[in-house]
1. In whole Hz, with x marking every Gly and Pro, tabulate ³J(HN,Hα) for region 66-83 from phi via Karplus 6.51 cos²θ - 1.76 cosθ + 1.60, θ = phi - 60°.
2. Can you show me the helix-derived [θ] at 222 nm for the chain, built from DSSP H runs with n ≥ 4 at -39,500 (n - 2.57) apiece and divided by the number of residues, rounded to the nearest 500.
3. Report the extension gain between SER19 and LEU5 in nm, rounded to one decimal, defined as 0.36 nm multiplied by the number of residues separating them, less their alpha carbon distance.
4. Can you give me the long-range amide H partners of ALA52? Hydrogens built in the peptide plane at 1.01 Å from N, cutoff under 5 Å, separation of 5 or more residues or another chain.
5. Quote the charge dipole size of the chain about the Cα centre in Debye, to the nearest 20; the model charges only the Cβ of Lys and Arg (+1) and of Asp and Glu (-1).
6. Figure the gain on full extension for TYR31 and ASP89 (residue separation times 0.36 nm, minus the Cα-Cα span) and round it to one decimal in nm.
7. Please list 3J(HN,Hα) in residue order for region 54-61, calculated via the Karplus relation 6.51 cos²θ - 1.76 cosθ + 1.60 where θ = phi - 60°; whole Hz, with x for glycine and proline.
8. Using the structure shown, select from LYS23/LYS66; LYS15/LYS73; LYS22/LYS66; LYS22/LYS77; LYS23/LYS77 the pairs with a Cα to Cα distance greater than 20 angstrom.
Amino acid sequence: MVVGLCYNSTSTTNKQEISLHKKIEEVCGKYGQVVICGDFNHNTIDWELSQAGHEGEAFLKQVMDKFLPQNIKQPTKERNILDLVLSTDPVLVNNRGIGSSGIK
């Protein structure tokens, strides 16, 4: 099992964003069980509707293509879910919520 922690700054360049996407793809292709946590700062993504504005489209597509469920359902900053817990299997994460420790 691999647990990764990411911080995607609001000033991340397109090149850095692409690098992050490649790293996620690499890890998901190499390991069976993956949990990736962090502040991804994609405020245009509506996780409930699986829709994104231009800024978050590529990230949302990658998450969906890699079948990485997004496990946080409550806003983490104002009305947005910026802090994510992605996993290759939702069973790997329990007690989902803000301030919870729930990685098995």
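Every number here is computed from the coordinates shown, using simple stated rules; none is lab data. Just so it is clear, the model here is predicted, and its values are computed rather than measured. As a convention, Cβ positions derive from the backbone with ideal geometry for all residues, glycine included, and neighbour counts pool all protein chains shown.
1. Working through the residues one at a time gives 8, 6, 9, x, 9, 8, 8, 10, 9, x, 10, 8, 6, 9, 9, 9, 9, 8 Hz.
2. Values: 2 runs with 26 residues, N = 104.
After summing the helix terms and dividing by the residues of the chain, the value is -8000 deg cm²/dmol.
3. Gain on stretching SER19 to LEU5: 3.6 nm.
4. Distant-sequence amide H within range of ALA52: ASP46.
5. Dipole about the Cα centre, nearest 20: 260 debye.
6. 19.7 nm
7. These are the phi-based 3J(HN,Hα) values: 3, 4, x, 4, 5, 5, 4, 4 Hz.
8. LYS15/LYS73; LYS22/LYS77; LYS23/LYS77
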